[in-house]
Amino acid sequence: MVVSIRLARLGCTHRPFYRVVVADSKSARDGKNIEVVGYYNPLADKEDEKRLNIKLERVKYWLSVGAQPSESVETLLFRSGLQVKRKGGLSGVDTPNQEQSANDKEADGVSAEAVFSIGLQV
């Protein structure tokens with residue numbers, strides 16, 4: 001069972017209100033969910049406290065057990081202060097990817113020193 005963190009739409013026509021839910025990826029958008037971890041009201045003022053409310057501890061738990069956030073939930077989590085990578089939980093945890101990307105560039109025939117000397121963006 002692949003678990004995702006996504007938005008479930010509530011509200012009337014032209015008056016959207018979303019719940020941030022943890023659900024099975026095969027269930028319908030507004031169907032059965034495992035847990036409600038927050039809400040998002042896009043019509044509220046940007047400074048209003050009622051615009052976005054997310055239980056960050058529960059989201060961290062679900063990310064640690066392998067839940068994948070949708071793109072829209074990922075941006076909401078970023079706004080609430082949680083750095084999330086698309087595949088694999090919280091960011092800042094795995095540093096071997098940086099070493100691996102440097103090794104990939106050397107495998108392509110371009111060393112890190114050559115990139116630095118000619119001023120290419122990495």
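Annotation note: GluC sites (Glu not before Pro) in the range 6-57 located in DSSP loop regions with a Cβ neighbour count of at most 12 within 10 Å are Glu47. The listed residues Leu43, Leu82, Leu56, once ranked by accessible area (1.4 Å probe) with the largest placed first, stand as Leu43, Leu56, Leu82.
Pairs spanning more than 23 Å between alpha-carbon atoms, out of Lys50/Lys85; Lys32/Lys85; Lys32/Lys55; Lys60/Lys85: Lys50/Lys85; Lys32/Lys85.
The values are calculated or read from the model by the stated rules, or taken from the named source; none is laboratory data. All values derive from a computational prediction rather than experimental measurement. FYI the Cβ positions are ideal-geometry reconstructions off the backbone, even for glycines, and counts take in every protein chain you see. With ligands, DNA and RNA removed, areas are computed over all heavy atoms of the protein, side chains included. Shrake-Rupley method; radii C 1.70, N 1.55, O 1.52, S 1.80 Å.
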